[in-house]
Amino acid sequence: MKKIEAIIKPFKLEEVKDALTEVGIYGMTVTEVRGYGRQKGQKESYRGAEYTVEFVPKTKIEVVIADNLVEKVVETILRTAKTGSIGDGKIFVTVLGDAVRIRTGETGERAL
């Protein structure tokens, strides 16, 4: 099993969610997060005064999937979340040791 965490621009959430649903991913966790990468925030202007927003709003999507779906899910997120501009985000893939469905006690991939 793998856990995929994708940090994307907030306005891309619906497009990514719909694309993941099309490839068979129905469960996900979505969190509104703030952070910065190489761009170290962004400059904005308010009433003529320029200021720096250090932590940029982003959306984090988390899905736990079987190993055989990793390539398909990563490709789907890449294709749908990409705008081609700075701050498109990152995708992290980590190995999971186990999962347990609380209601039934099922473990491993059966719990997904």
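The values are calculated or read from the model by the stated rules, or taken from the named source; none is laboratory data. Everything quoted here is computed from the prediction, not taken from an experiment. Cβ coordinates were reconstructed from backbone atoms using ideal geometry, including for glycine residues, and neighbour counts include every protein chain displayed.
Scanning segment 68-97 for residues that are charged (D, E, K, R) and at pLDDT 95 or above yields GLU71, LYS72, GLU75, ARG79, LYS82, LYS90.
List pairs: first in segment 83-112 and free of Cβ contacts under 8 Å to residues at least 60 places away in the same chain, second aliphatic (A, V, I, L, M) and in a loop (DSSP other than H, G, I, E, B), Cβ under 7 Å, 6+ apart or cross-chain? That search, which allows pairs on different chains as well, returns THR107/ALA99; ALA111/ALA99.
Against the test of being of a type outside the set (A, V, I, L, M), outside any loop (DSSP other than H, G, I, E, B) and at pLDDT 95 or above, the options LYS43, LYS17 yield a single qualifying residue, LYS17. Of the set (1) more than 13 Å from the chain's Cα centre (by Cα); (2) closer than 15 Å to LEU13 by Cα; (3) of a type in the set (Asp, Glu), all apply to GLU50 but (2). Applying a threshold of 8 Å to beta carbon distances and a minimum spacing of six or more residues, or different chains, the list of pairs starting in segment 1-17 at a residue that is surrounded by fewer than 14 Cβ atoms within 10 Å (Cβ to Cβ) and ending at one that is assigned to a strand (DSSP E or B) and among the basic types (Lys, Arg) reads PRO10/LYS58. Under the condition of being in a helix (DSSP H, G or I) and touching a strand residue (DSSP E or B) at 6+ places or on another chain (Cβ under 9 Å), which residue from segment 50-71 is farthest from GLU109 (Cα to Cα)? Among residues in segment 50-71 that are in a helix (DSSP H, G or I) and touching a strand residue (DSSP E or B) at 6+ places or on another chain (Cβ under 9 Å), the one farthest from GLU109 (Cα to Cα) is VAL70.
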